[in-house]
Amino acid sequence: MTRREPFESFRTRIGGLKVSELLGQFPESQAIVFNHFGASCFECPGKTEETVDLAIRVHESLAEEFYRDLAATLKIELKPEKPSPLKDRKT
(Lines give C-alpha, C1' and ligand atoms only; values in the text may rest on other atoms or scores of the structure.)
Protein backbone atom coordinates (compact mmCIF):
# COMPACT_ATOMS: atom_id res chain seq x y z
CA MET A 1 0.00 0.00 0.00
CA THR A 2 1.29 3.45 -0.90
CA ARG A 3 1.23 6.22 1.68
CA ARG A 4 0.97 9.88 0.72
CA GLU A 5 3.06 12.54 2.40
CA PRO A 6 3.95 16.13 1.55
CA PHE A 7 7.45 16.45 0.10
CA GLU A 8 8.73 18.92 2.70
CA SER A 9 7.31 16.86 5.55
CA PHE A 10 9.10 13.75 4.24
CA ARG A 11 12.33 15.69 3.69
CA THR A 12 12.25 17.09 7.22
CA ARG A 13 11.44 13.72 8.79
CA ILE A 14 14.12 11.80 6.90
CA GLY A 15 16.74 14.55 6.57
CA GLY A 16 17.22 14.80 10.32
CA LEU A 17 17.98 11.10 10.72
CA LYS A 18 21.57 9.94 10.99
CA VAL A 19 22.58 7.86 7.97
CA SER A 20 22.92 4.83 10.26
CA GLU A 21 19.39 5.43 11.58
CA LEU A 22 18.02 5.61 8.04
CA LEU A 23 19.70 2.31 7.16
CA GLY A 24 18.53 0.70 10.41
CA GLN A 25 14.92 1.85 10.21
CA PHE A 26 14.58 1.36 6.45
CA PRO A 27 16.91 -1.45 5.28
CA GLU A 28 15.46 -1.08 1.79
CA SER A 29 17.15 2.34 1.62
CA GLN A 30 20.57 0.71 1.13
CA ALA A 31 20.38 0.83 -2.67
CA ILE A 32 19.45 4.52 -2.62
CA VAL A 33 22.30 5.35 -0.21
CA PHE A 34 24.71 3.36 -2.39
CA ASN A 35 23.55 5.07 -5.59
CA HIS A 36 23.69 8.60 -4.17
CA PHE A 37 26.56 8.42 -1.65
CA GLY A 38 28.68 5.48 -2.80
CA ALA A 39 29.83 2.24 -1.22
CA SER A 40 32.22 3.93 1.20
CA CYS A 41 29.26 5.31 3.14
CA PHE A 42 28.51 1.87 4.60
CA GLU A 43 31.93 1.59 6.26
CA CYS A 44 32.34 5.27 7.19
CA PRO A 45 32.33 5.94 10.94
CA GLY A 46 30.65 9.28 10.18
CA LYS A 47 27.40 7.54 9.29
CA THR A 48 26.54 7.46 12.99
CA GLU A 49 27.00 11.24 13.31
CA GLU A 50 26.12 12.54 9.83
CA THR A 51 22.50 13.38 9.09
CA VAL A 52 20.97 12.48 5.76
CA ASP A 53 20.80 16.19 4.85
CA LEU A 54 24.49 16.61 5.60
CA ALA A 55 25.38 13.46 3.65
CA ILE A 56 23.51 14.83 0.64
CA ARG A 57 25.61 18.00 0.76
CA VAL A 58 28.92 16.22 1.50
CA HIS A 59 28.42 13.77 -1.36
CA GLU A 60 27.13 16.52 -3.66
CA SER A 61 23.97 14.59 -4.36
CA LEU A 62 20.82 16.29 -5.60
CA ALA A 63 18.50 16.52 -2.60
CA GLU A 64 15.21 16.41 -4.46
CA GLU A 65 16.35 13.41 -6.53
CA PHE A 66 17.56 11.57 -3.41
CA TYR A 67 14.28 12.12 -1.53
CA ARG A 68 12.14 11.19 -4.55
CA ASP A 69 14.16 7.99 -5.12
CA LEU A 70 13.93 7.11 -1.44
CA ALA A 71 10.19 7.80 -1.31
CA ALA A 72 9.61 5.57 -4.33
CA THR A 73 11.60 2.78 -2.68
CA LEU A 74 9.64 3.19 0.56
CA LYS A 75 6.37 3.29 -1.42
CA ILE A 76 5.54 6.81 -0.32
CA GLU A 77 3.83 9.08 -2.81
CA LEU A 78 5.14 12.60 -2.36
CA LYS A 79 2.57 15.29 -2.84
CA PRO A 80 3.24 19.00 -3.17
CA GLU A 81 2.75 21.20 -0.16
CA LYS A 82 -0.48 23.14 -0.08
CA PRO A 83 0.24 26.67 -1.26
CA SER A 84 -0.08 29.36 1.33
CA PRO A 85 -2.97 31.73 0.54
CA LEU A 86 -0.70 34.63 1.53
CA LYS A 87 2.33 33.53 -0.47
CA ASP A 88 1.13 34.62 -3.92
CA ARG A 89 -0.98 37.50 -2.70
CA LYS A 90 -0.27 40.78 -4.42
CA THR A 91 -0.06 43.88 -2.32
Exactly one condition in (1) at pLDDT 95 or above; (2) touching a helix residue (DSSP H, G or I) at 6+ places or on another chain (Cβ under 8 Å) is not met by P27; state its number.
(2)
Can you tell me which residue within region 23-56, out of those that are hydrophobic (A, V, I, L, M, F, W, C) and not in a helix (DSSP H, G or I), is nearest to the chain's Cα centre (by Cα)?
F26
Could you check how many residues of region 57-81 are part of a helix (DSSP H, G or I) and over 27 Å from T2 (Cβ atoms)?
2
Residues satisfying the stated conditions in region 44-91, i.e. charged (D, E, K, R) and at pLDDT 90 or above:
K47, E49, E50, D53, R57, E60, E64, E65, R68, D69, K75, E77
Kindly provide the set of residues from region 11-25 that are over 18 Å from F42 (Cα atoms) and of a type in the set (S, T, Y), ordered by number.
T12
Report yes if S20 is assigned to a helix (DSSP H, G or I), over 15 Å from L70 (Cβ atoms) and without any contact (Cβ under 8 Å) to a residue 12 or more places away in the chain, otherwise no.
no
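The values are calculated or read from the model by the stated rules, or taken from the named source; none is laboratory data. Remember, predicted model here, so these are calculated numbers, not experimental data. Note that we place each Cβ from the backbone using ideal geometry, even for glycine, and neighbour counts take in every protein chain shown.
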